[in-house]
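Below: one structure, written as structure tokens.
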Amino acid sequence: MNMLQVIQRGPRTPPAARRPQPCPFCGSQPPLAARIAGAFVVGCENEDCAANPQVSATALDDAWTRWNARARA
């Protein structure tokens, strides 16, 4: 997608399955994704979140998929 297409259509939005869901415990948006020791970790960074949930995977898309599955549970 070139700049003209972005202006005409707007930015691409990821499919709903790949959009980060809010933390299931505190509802904060968005969770963070970091690469730590060869794995991607997605977790809530809200200091007031009592649970501070985290998931990890070797691929970024897999980490987001796991986070979103966790958020719906």
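A short reminder: the numbers here are calculations on the coordinates, not readings from a lab. Note that the structure is a prediction, hence the values are computed from the model and not measured. Quick reminder, even Gly has a Cβ in these numbers, built from the backbone with ideal geometry, and neighbours come from all protein chains shown.
What the table below lists for this structure:
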{"quantity": "Environment charge of residue 54, counting only residues whose C-beta is closer than 11 Å and scoring Lys/Arg +1, Asp/Glu -1", "calculated": "+1"}
{"quantity": "Label-point separation in nm, residue 29 to residue 51, each point 7 Å along Cα→Cβ", "calculated": "1.8 nm"}
